[in-house]
């Protein structure tokens, strides 16, 4: 049983840590949190193979953007992550021309610099699927219930172990009490024999 103790403990902490990180990413991606960093889910394959569909991207605003940077920007209600392909000036106004790595041609419309949310600093493949699943009722329940079950199970195991230890100690105490009682009886007998002499 002891040989399984370390792997089970590692597995327990690994699962709890993963679930905590997923819950944290879920909170960060769903709720508007003040600050410069944003975590967004890539929902299309326009940037493959550089950024996979279902990846999570960490985006941070930059003071300036250069051709070749991968940026995330607002296009109407949609959030898009593409590479800066070119810059053009129309009527004295600078616009970014973007292109997905998997696309044959640049995007048809230029992007105003104010529409840019930020530069992609990091992408984590497939984690977006997990966060997206966690946003659904079943996934949210799993993110909340699974860690609770793991923690409750661990607490029950600890309580059971403590109960067994207490019972064992009680039995030891009972045996010791019986031994003490037996020794006191023998001592009493010896004293009575000694008085008779």
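The values are calculated or read from the model by the stated rules, or taken from the named source; none is laboratory data. Because the structure is a prediction, the values reported are computed rather than measured. Cβ atoms come from the backbone with ideal geometry, glycine included; neighbour counts cover every protein chain shown.
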For the stretch 1-84, list the strands (runs of 3 or more DSSP E) that sit wholly inside it and hold at least 3 residues that are at pLDDT below 90 and either surrounded by 13 or more Cβ atoms within 10 Å (Cβ to Cβ) or over 25 Å from the mean Cα position of the chain (by Cα) (or both); which are they? 38-41, 56-60
Would you check which residues across the stretch 111-169 are part of a helix (DSSP H, G or I) and touching a strand residue (DSSP E or B) at 6+ places or on another chain (Cβ under 8 Å) and list them? 113, 115, 127, 128, 131, 132
Confirm whether residue 184 is over 30 Å from residue 18 (Cβ atoms) and surrounded by 10 or more Cβ atoms within 10 Å (Cβ to Cβ). yes
